[in-house]
Amino acid sequence: MGSNGKTEDNVPELTDLFYLPKLPDAHSSYSESRYVIFGVPFDNTSSYRRGSRLAPDSIRHAYDNLESFDPWYSVNFPDVPICDLGNLEVGEDAEEVIDTLHQVGSRLYRDGKIPIMLGGEHSITSGMVRNLPDAYMVIIDAHSDFRDTYMGSKFNHACVTRRCLEILGRDRIFSVGTRSTSMEEKDSGIMDQASFYSARYVQKNGIGAVLDDIKDKTSGQIYFSIDMDGFDPSFAPGVGTPEPYGLKDTDVRTLINGLGKSIVSFDIVEMTPVYDNGNTSMLAAKLIQDFIGSREGSLEE
(Lines give C-alpha, C1' and ligand atoms only; values in the text may rest on other atoms or scores of the structure.)
Protein backbone atom coordinates (compact mmCIF):
# COMPACT_ATOMS: atom_id res chain seq x y z
CA MET A 1 0.00 0.00 0.00
CA GLY A 2 1.01 3.63 -0.37
CA SER A 3 1.12 6.39 2.21
CA ASN A 4 -0.97 5.53 5.30
CA GLY A 5 -2.36 2.55 3.46
CA LYS A 6 -4.28 4.68 0.95
CA THR A 7 -4.66 2.79 -2.30
CA GLU A 8 -4.74 6.00 -4.37
CA ASP A 9 -1.23 6.85 -3.17
CA ASN A 10 0.21 3.54 -4.30
CA VAL A 11 2.46 4.42 -7.23
CA PRO A 12 4.78 1.41 -7.43
CA GLU A 13 6.09 2.33 -10.88
CA LEU A 14 7.70 5.38 -9.27
CA THR A 15 8.10 4.74 -5.55
CA ASP A 16 10.04 1.51 -6.09
CA LEU A 17 12.69 3.57 -7.88
CA PHE A 18 13.27 6.20 -5.19
CA TYR A 19 14.61 6.55 -1.66
CA LEU A 20 13.28 9.32 0.50
CA PRO A 21 14.77 12.55 1.75
CA LYS A 22 12.14 15.32 1.52
CA LEU A 23 11.91 19.00 0.72
CA PRO A 24 10.60 20.77 3.85
CA ASP A 25 7.50 22.27 2.16
CA ALA A 26 6.56 19.05 0.34
CA HIS A 27 3.64 17.94 2.49
CA SER A 28 1.32 16.39 -0.09
CA SER A 29 0.93 12.82 -1.24
CA TYR A 30 1.61 11.96 -4.85
CA SER A 31 -2.08 11.71 -5.72
CA GLU A 32 -2.83 15.14 -4.20
CA SER A 33 0.21 16.91 -5.61
CA ARG A 34 0.54 19.35 -8.48
CA TYR A 35 4.35 19.61 -8.29
CA VAL A 36 6.53 16.51 -7.91
CA ILE A 37 10.14 16.98 -6.83
CA PHE A 38 12.78 14.28 -7.19
CA GLY A 39 16.56 14.06 -7.11
CA VAL A 40 18.87 12.32 -9.56
CA PRO A 41 22.28 11.88 -7.86
CA PHE A 42 24.22 11.05 -11.03
CA ASP A 43 27.51 12.62 -12.13
CA ASN A 44 29.40 9.88 -13.94
CA THR A 45 30.05 11.86 -17.14
CA SER A 46 31.25 14.99 -15.33
CA SER A 47 34.44 16.18 -16.99
CA TYR A 48 36.01 18.52 -14.43
CA ARG A 49 34.79 18.72 -10.81
CA ARG A 50 32.55 15.86 -9.76
CA GLY A 51 30.13 15.97 -6.87
CA SER A 52 26.79 16.98 -8.39
CA ARG A 53 25.45 13.63 -7.17
CA LEU A 54 25.45 15.26 -3.72
CA ALA A 55 23.39 18.26 -4.82
CA PRO A 56 19.78 17.09 -4.35
CA ASP A 57 20.13 16.69 -0.60
CA SER A 58 22.28 19.82 -0.31
CA ILE A 59 19.53 21.82 -2.02
CA ARG A 60 16.91 20.35 0.29
CA HIS A 61 19.05 21.21 3.32
CA ALA A 62 19.45 24.82 2.13
CA TYR A 63 15.72 25.07 1.45
CA ASP A 64 15.09 24.32 5.13
CA ASN A 65 16.56 27.76 5.88
CA LEU A 66 14.12 29.62 3.60
CA GLU A 67 10.88 31.08 4.88
CA SER A 68 7.89 29.12 3.65
CA PHE A 69 6.02 32.32 2.81
CA ASP A 70 7.28 34.55 0.00
CA PRO A 71 5.83 38.10 -0.03
CA TRP A 72 7.11 38.66 -3.59
CA TYR A 73 4.55 36.13 -4.85
CA SER A 74 2.17 36.17 -1.86
CA VAL A 75 2.49 32.39 -1.75
CA ASN A 76 2.63 30.21 1.34
CA PHE A 77 4.41 27.16 -0.01
CA PRO A 78 3.07 24.60 2.52
CA ASP A 79 -0.37 25.39 1.07
CA VAL A 80 0.76 24.37 -2.42
CA PRO A 81 0.33 20.66 -3.23
CA ILE A 82 3.96 19.56 -3.47
CA CYS A 83 5.25 15.98 -3.27
CA ASP A 84 8.88 14.94 -2.93
CA LEU A 85 9.52 11.41 -4.20
CA GLY A 86 13.09 11.41 -2.86
CA ASN A 87 16.13 10.43 -4.93
CA LEU A 88 16.22 8.11 -7.92
CA GLU A 89 18.32 4.99 -7.48
CA VAL A 90 20.92 5.32 -10.24
CA GLY A 91 23.67 3.14 -11.65
CA GLU A 92 26.82 4.18 -13.47
CA ASP A 93 25.65 4.11 -17.10
CA ALA A 94 24.38 7.45 -18.42
CA GLU A 95 22.23 5.96 -21.17
CA GLU A 96 20.51 3.68 -18.67
CA VAL A 97 19.81 6.59 -16.31
CA ILE A 98 18.41 8.66 -19.18
CA ASP A 99 16.17 5.77 -20.25
CA THR A 100 14.88 5.43 -16.69
CA LEU A 101 14.11 9.15 -16.56
CA HIS A 102 12.18 8.81 -19.81
CA GLN A 103 9.98 6.26 -18.03
CA VAL A 104 9.69 8.40 -14.88
CA GLY A 105 8.75 11.47 -16.91
CA SER A 106 6.20 9.51 -18.92
CA ARG A 107 4.33 8.57 -15.75
CA LEU A 108 4.54 12.06 -14.23
CA TYR A 109 3.27 13.82 -17.35
CA ARG A 110 0.54 11.21 -17.85
CA ASP A 111 -0.63 11.89 -14.28
CA GLY A 112 -0.76 15.63 -14.93
CA LYS A 113 2.15 16.48 -12.62
CA ILE A 114 4.69 19.28 -12.99
CA PRO A 115 8.13 17.72 -12.40
CA ILE A 116 10.95 19.53 -10.61
CA MET A 117 14.14 17.50 -11.09
CA LEU A 118 17.23 18.13 -8.96
CA GLY A 119 20.47 16.90 -10.54
CA GLY A 120 23.00 15.58 -10.86
CA GLU A 121 24.69 16.53 -14.07
CA HIS A 122 23.09 17.94 -17.19
CA SER A 123 23.02 14.71 -19.20
CA ILE A 124 19.89 13.67 -17.31
CA THR A 125 17.78 16.43 -18.85
CA SER A 126 17.35 14.69 -22.20
CA GLY A 127 15.56 11.77 -20.54
CA MET A 128 12.76 14.04 -19.37
CA VAL A 129 12.65 16.02 -22.63
CA ARG A 130 11.97 12.82 -24.60
CA ASN A 131 8.41 12.94 -23.27
CA LEU A 132 7.77 16.46 -24.61
CA PRO A 133 8.67 16.36 -28.32
CA ASP A 134 6.34 19.28 -29.12
CA ALA A 135 7.60 21.57 -26.35
CA TYR A 136 10.01 24.47 -26.42
CA MET A 137 13.07 24.50 -24.20
CA VAL A 138 14.86 27.28 -22.32
CA ILE A 139 18.33 26.42 -21.00
CA ILE A 140 20.45 28.47 -18.63
CA ASP A 141 24.03 27.39 -19.31
CA ALA A 142 27.58 28.74 -19.63
CA HIS A 143 28.32 26.09 -22.24
CA SER A 144 26.68 25.38 -25.57
CA ASP A 145 26.76 21.61 -24.80
CA PHE A 146 26.44 20.95 -28.53
CA ARG A 147 29.06 18.24 -29.06
CA ASP A 148 27.90 15.09 -30.82
CA THR A 149 30.08 12.95 -28.54
CA TYR A 150 32.46 13.70 -25.69
CA MET A 151 34.82 11.37 -23.86
CA GLY A 152 33.47 8.55 -26.04
CA SER A 153 29.79 9.04 -25.16
CA LYS A 154 26.82 10.61 -26.93
CA PHE A 155 25.20 10.94 -23.50
CA ASN A 156 27.91 13.04 -21.87
CA HIS A 157 26.78 16.21 -20.14
CA ALA A 158 28.63 18.18 -22.85
CA CYS A 159 26.19 16.81 -25.46
CA VAL A 160 22.84 17.54 -23.82
CA THR A 161 21.71 20.47 -25.99
CA ARG A 162 22.56 18.47 -29.13
CA ARG A 163 20.53 15.50 -27.85
CA CYS A 164 17.59 17.75 -26.99
CA LEU A 165 17.74 19.35 -30.45
CA GLU A 166 17.37 15.87 -31.96
CA ILE A 167 14.17 15.45 -29.93
CA LEU A 168 12.61 18.89 -30.33
CA GLY A 169 13.84 20.02 -33.74
CA ARG A 170 15.06 23.39 -34.97
CA ASP A 171 13.99 26.77 -33.54
CA ARG A 172 12.63 25.27 -30.31
CA ILE A 173 15.66 25.63 -28.00
CA PHE A 174 16.77 28.90 -26.38
CA SER A 175 20.04 28.81 -24.45
CA VAL A 176 20.87 31.81 -22.27
CA GLY A 177 24.21 32.69 -20.68
CA THR A 178 26.50 30.95 -23.17
CA ARG A 179 30.16 31.89 -23.00
CA SER A 180 32.02 28.65 -23.76
CA THR A 181 31.91 26.85 -27.12
CA SER A 182 34.41 24.55 -28.84
CA MET A 183 35.48 24.76 -32.48
CA GLU A 184 33.91 21.31 -32.97
CA GLU A 185 30.55 22.72 -31.96
CA LYS A 186 30.99 25.94 -33.94
CA ASP A 187 31.89 23.94 -37.05
CA SER A 188 28.98 21.49 -36.65
CA GLY A 189 26.85 23.50 -39.07
CA ILE A 190 23.69 23.07 -37.02
CA MET A 191 24.14 25.39 -34.05
CA ASP A 192 21.91 27.89 -35.84
CA GLN A 193 19.01 25.48 -35.31
CA ALA A 194 18.97 26.66 -31.67
CA SER A 195 19.03 30.22 -30.34
CA PHE A 196 22.00 31.16 -28.16
CA TYR A 197 21.98 34.35 -26.09
CA SER A 198 25.49 34.84 -24.76
CA ALA A 199 26.13 36.28 -21.31
CA ARG A 200 27.70 39.25 -23.09
CA TYR A 201 24.51 39.76 -25.12
CA VAL A 202 22.48 39.77 -21.90
CA GLN A 203 24.86 42.26 -20.27
CA LYS A 204 24.70 44.54 -23.31
CA ASN A 205 20.98 44.35 -24.14
CA GLY A 206 19.38 43.39 -20.83
CA ILE A 207 17.53 40.25 -19.85
CA GLY A 208 14.23 41.91 -20.81
CA ALA A 209 15.23 41.80 -24.48
CA VAL A 210 15.92 38.06 -24.19
CA LEU A 211 12.60 37.44 -22.47
CA ASP A 212 10.69 39.39 -25.11
CA ASP A 213 12.42 37.48 -27.91
CA ILE A 214 11.67 34.09 -26.35
CA LYS A 215 8.04 35.07 -25.80
CA ASP A 216 7.75 36.14 -29.44
CA LYS A 217 9.13 32.80 -30.64
CA THR A 218 7.25 30.39 -28.37
CA SER A 219 3.57 29.49 -28.27
CA GLY A 220 3.23 26.42 -26.10
CA GLN A 221 4.70 24.35 -23.30
CA ILE A 222 8.24 25.11 -22.12
CA TYR A 223 10.81 22.84 -20.49
CA PHE A 224 13.09 25.04 -18.34
CA SER A 225 16.55 23.70 -17.47
CA ILE A 226 19.02 25.51 -15.21
CA ASP A 227 22.66 24.52 -15.33
CA MET A 228 24.00 26.39 -12.31
CA ASP A 229 27.20 27.29 -14.15
CA GLY A 230 25.08 29.67 -16.22
CA PHE A 231 25.31 32.04 -13.27
CA ASP A 232 28.46 34.05 -12.70
CA PRO A 233 30.67 32.19 -10.19
CA SER A 234 30.22 35.08 -7.75
CA PHE A 235 26.58 33.97 -7.42
CA ALA A 236 27.13 30.21 -7.79
CA PRO A 237 30.71 29.08 -7.03
CA GLY A 238 29.78 25.46 -6.35
CA VAL A 239 29.53 24.06 -9.86
CA GLY A 240 31.33 21.38 -11.84
CA THR A 241 32.61 23.55 -14.70
CA PRO A 242 32.69 27.22 -13.63
CA GLU A 243 33.02 29.98 -16.23
CA PRO A 244 33.63 33.67 -15.41
CA TYR A 245 31.46 36.54 -16.68
CA GLY A 246 28.09 34.89 -16.23
CA LEU A 247 24.47 35.78 -15.56
CA LYS A 248 23.15 37.51 -12.45
CA ASP A 249 20.69 35.73 -10.19
CA THR A 250 18.04 38.33 -11.03
CA ASP A 251 18.49 37.65 -14.78
CA VAL A 252 17.34 34.07 -14.35
CA ARG A 253 14.60 35.06 -11.95
CA THR A 254 13.24 37.46 -14.57
CA LEU A 255 13.03 34.66 -17.13
CA ILE A 256 11.29 32.34 -14.67
CA ASN A 257 8.81 35.05 -13.68
CA GLY A 258 8.10 35.92 -17.32
CA LEU A 259 7.69 32.36 -18.57
CA GLY A 260 6.46 30.53 -15.46
CA LYS A 261 2.86 30.03 -16.56
CA SER A 262 4.08 28.17 -19.67
CA ILE A 263 6.73 26.03 -17.94
CA VAL A 264 5.54 22.44 -17.54
CA SER A 265 8.81 20.90 -16.37
CA PHE A 266 11.78 22.38 -14.51
CA ASP A 267 15.21 21.15 -13.55
CA ILE A 268 18.29 22.38 -11.68
CA VAL A 269 21.56 20.61 -12.50
CA GLU A 270 25.37 20.79 -12.26
CA MET A 271 25.57 22.13 -8.70
CA THR A 272 28.56 20.64 -6.84
CA PRO A 273 28.34 21.08 -3.05
CA VAL A 274 31.96 20.05 -2.47
CA TYR A 275 33.08 23.39 -3.97
CA ASP A 276 30.26 25.50 -2.52
CA ASN A 277 30.34 28.13 0.21
CA GLY A 278 26.63 27.64 0.73
CA ASN A 279 25.53 30.28 -1.77
CA THR A 280 24.98 27.91 -4.70
CA SER A 281 22.72 25.50 -2.83
CA MET A 282 20.76 28.41 -1.35
CA LEU A 283 20.28 29.97 -4.78
CA ALA A 284 19.17 26.61 -6.18
CA ALA A 285 16.67 26.24 -3.34
CA LYS A 286 15.31 29.73 -3.93
CA LEU A 287 14.90 28.98 -7.65
CA ILE A 288 12.47 26.21 -6.70
CA GLN A 289 10.37 28.75 -4.84
CA ASP A 290 10.66 31.20 -7.74
CA PHE A 291 9.37 28.61 -10.18
CA ILE A 292 6.44 27.52 -8.04
CA GLY A 293 5.72 31.10 -6.97
CA SER A 294 5.68 32.32 -10.59
CA ARG A 295 2.96 29.80 -11.36
CA GLU A 296 0.94 30.01 -8.15
CA GLY A 297 1.14 33.68 -7.18
CA SER A 298 1.04 37.18 -8.54
CA LEU A 299 4.13 39.35 -8.47
CA GLU A 300 4.20 42.27 -6.08
CA GLU A 301 5.80 45.14 -7.99
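The values are calculated or read from the model by the stated rules, or taken from the named source; none is laboratory data. All values derive from a computational prediction rather than experimental measurement. Glycine gets a Cβ as well: all are built from the backbone with ideal geometry, and neighbour counts include every protein chain shown.
Taking the criterion of being part of a helix (DSSP H, G or I) and either exposed (fewer than 15 other Cβ atoms within 10 Å of the Cβ) or touching a Phe, Trp or Tyr at 6+ places or on another chain (Cβ under 9 Å) (or both), the residues of region 185-206 that qualify are E185, K186, M191, D192, A199, R200, Q203, K204, N205.
Within the set E96, E89, E121, the sole residue that is without any contact (Cβ under 8 Å) to a residue 12 or more places away in the chain and farther than 24 Å from S262 by Cβ turns out to be E96. M183: of a type outside the set (S, T, Y), under 18 Å from A158 (Cα atoms) and without any contact (Cβ under 8 Å) to a residue 24 or more places away in the chain, yes or no? The answer is yes for M183. A single entry from V210, V264 fulfils the requirement of being touching a strand residue (DSSP E or B) at 6+ places or on another chain (Cβ under 7 Å), at pLDDT 95 or above, surrounded by 16 or more Cβ atoms within 10 Å (Cβ to Cβ) and under 21 Å from G119 (Cα atoms): V264.
Can you tell me which residue is farthest from the chain's Cα centre (by Cα) among those in region 13-24 that are modelled with pLDDT under 70, crowded, with 16+ Cβ neighbours inside 10 Å and not aliphatic (A, V, I, L, M)? Ranking the qualifying residues of region 13-24, first place goes to T15. When the residues of region 278-293 are filtered to those that are out of contact with any strand residue (DSSP E or B) (no Cβ under 8 Å at 6 or more places or on another chain) and modelled with pLDDT of 95 or more, the one that is farthest from R110 (Cα to Cα) is N279. Scanning region 245-275 for residues that are among the small types (G, A, S) and not in a helix (DSSP H, G or I) yields G246, S265. Scanning region 218-233 for residues that are crowded, with 21+ Cβ neighbours inside 10 Å and not charged (D, E, K, R) turns up I222, Y223, F224, S225, I226, M228, G230, F231. Among the residues of region 138-160, none qualifies, meaning not one is at pLDDT 95 or above and either over 27 Å from P273 (Cα atoms) or aromatic (F, W, Y) (or both).
Taken as a whole, region 59-73 holds no residue that is within 23 Å of V129 (Cβ to Cβ), buried (at least 20 other Cβ atoms within 10 Å of the Cβ) and touching an Asp or Glu at 6+ places or on another chain (Cβ under 9 Å). Of I140, I114, I124, all but one fail to be surrounded by fewer than 24 Cβ atoms within 10 Å (Cβ to Cβ) and within 17 Å of the chain's Cα centre (by Cα); the exception is I114. For region 25-67, a residue qualifies if it is of a type in the set (D, E) and either in a helix (DSSP H, G or I) or within 19 Å of the chain's Cα centre (by Cα) (or both), and the qualifying residues are D25, D43, D57. For region 157-177, the set of residues classified as closer than 15 Å to L132 by Cβ and among the basic types (K, R) consists of R163, R172, listed by residue number.
Residues that are closer than 18 Å to A284 by Cβ, in contact with a Ser or Thr (Cβ under 8 Å, 6 or more places away or on another chain) and of a type in the set (S, T, N, Q): does region 125-141 have at least one? So far as region 125-141 goes, yes, one or more of its residues are closer than 18 Å to A284 by Cβ, in contact with a Ser or Thr (Cβ under 8 Å, 6 or more places away or on another chain) and of a type in the set (S, T, N, Q). Filtering N10, N76, N4 for residues that are modelled with pLDDT of 90 or more and surrounded by fewer than 17 Cβ atoms within 10 Å (Cβ to Cβ) leaves a single hit, N76. Sort out which residues of region 236-251 are out of contact with any Ser or Thr (no Cβ under 8 Å at 6 or more places or on another chain) and surrounded by fewer than 24 Cβ atoms within 10 Å (Cβ to Cβ), and write them in order of number. Answer for region 236-251, where residues must be out of contact with any Ser or Thr (no Cβ under 8 Å at 6 or more places or on another chain) and surrounded by fewer than 24 Cβ atoms within 10 Å (Cβ to Cβ): P242, P244, Y245, K248, D249, T250.
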